[in-house]
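To keep things clear, I will list the structure first and then write my remarks on it.
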Amino acid sequence: MTEIAIQQAWPSTLFLCDWPEQASRAPAIETALRAEAAGFDRPVASGVATSAKPAQGLVESRLDLFDTCGDADLGALVDWFGNCIRHCVAQVNGGRVAPDRIEVEFCESWFHITNDGGFHDAHVHGNCSWCGIFYLAAGDPDPVPAGGAASAGNGINRFYSPIPGGGSVRDFGNAYLGRSYLDVQPHAGRLVLFPSFLLHSALPYRGATDRVILSFNSRSHLAPA
């Protein structure tokens, strides 16, 4: 048997993290977010990418949520976000530095309240390295089908393969690449961390209760040794 060395290049890694304080702190955070949303003069208060969003069914805050909302429970959640990012960034960089050497900057942060068919069309995020979607309230999404069966699930977050499809032959040689997208199951208290280059969308949502999401863009810097 010829000796084979394996060198992996350009992987796309997502992390799923569950907040241990979800049950005790999420209700107060949702109350604070709804109070803020009541003061918006338009549904998409950010004014960003409005052509990729519906005319109804989606409320979106401005992009400075973590800097302007003084809710103590939200502050605890943001601290947890930072801790998750530090550990995940350390891991994808091969554990070369300890997580406590990584300083996290939240360059943008906002919330969505979705129902009545609200969605966000496919997009990527710029000026950041890692992005987060946190399900404060998952609502009533459809389950992601087992075995990767195709389904446009209610309220599912979908991530699309960054590998170009043009000219590729579909045979067993590249079967490991799998499908062209990955669906993530919304779950209350779950954070999805993903690299900013991944194209993603939120499929239309309708349910008996609202879907409430916190999102952010982040940059990570190394503190002096």
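Since every read-out is calculated from the coordinates, none of them should be taken as a lab result. Note that the structure is a prediction, hence the values are computed from the model and not measured. Positions of Cβ are backbone-derived with ideal geometry, glycine not excepted, and every protein chain shown enters the neighbour counts.
Can you find, among P54, A152, P164, the residue sitting farthest towards the positive end of the charge dipole of the chain, where Lys and Arg contribute +1 and Asp and Glu -1 at Cβ?
Of P54, A152, P164, it is P164.
What are the residues whose amide H is under 5 Å from the amide H of L199, where those residues sit 5 or more places off or on another chain and H is modelled from the backbone?
Y160
Taking H as built 1.01 Å from N, whose amide H comes closer than 5 Å to the amide H of C107, not counting residues under 5 places away?
N217, S218, R219
Given Cβ point charges of +1 (Lys, Arg) and -1 (Asp, Glu) and nothing else, what value in debye, to the nearest 20, does the dipole of the chain about its Cα centre take?
With only Lys, Arg, Asp and Glu charged at Cβ, the dipole is about 500 debye.
Charges only on Cβ, +1 for Lys and Arg, -1 for Asp and Glu: so what's the dipole of the stretch 1-117 about the Cα centre, in debye to the nearest 20?
260 debye
Specify the residue with the greatest mean-square fluctuation among D100, D79, D171, computed from a Gaussian network of the chain linking alpha-carbon atoms under 10 Å apart.
Maximum fluctuation in the GNM of the chain, among the listed residues, is at D171.
Between D67 and Q7, what is the label-to-label distance in nm when each label sits 7 Å out along the Cα-to-Cβ direction?
Going by the 7 Å Cα→Cβ label model, 4.2 nm.
Among V192, V59, V48, determine the one that fluctuates most according to a GNM of the chain built with springs between C-alpha atoms less than 10 Å apart.
Residue with maximal mean-square fluctuation among V192, V59, V48: V48.
Calculate for the chain the 222 nm mean residue ellipticity that helices alone would give, adding -39,500 (n - 2.57) per DSSP H run of length 4 or more and normalising by residue count, nearest 500 deg cm²/dmol.
-6000 deg cm²/dmol, from helical runs alone.
With the chain treated as a Gaussian network of Cα nodes joined by springs under 10 Å, which of P11, P195, P162 yields the largest mean-square fluctuation?
P11
Taking H as built 1.01 Å from N, whose amide H comes closer than 5 Å to the amide H of V44, not counting residues under 5 places away?
Placed amide hydrogens put E60 under 5 Å from V44.
Between exposed GluC sites (Glu not before Pro) in the chain, where DSSP calls loop and at most 16 other Cβ atoms lie within 10 Å, what's the longest gap?
Answer - 22-225.
Just the Cα atoms of the stretch 133-225: what Rg and Dmax do they give in Å?
Just the Cα atoms of the stretch 133-225 yield Rg and Dmax of 16.3, 51 Å.
Quote the charge dipole size of the stretch 92-225 about the Cα centre in Debye, to the nearest 20; the model charges only the Cβ of Lys and Arg (+1) and of Asp and Glu (-1).
300 debye
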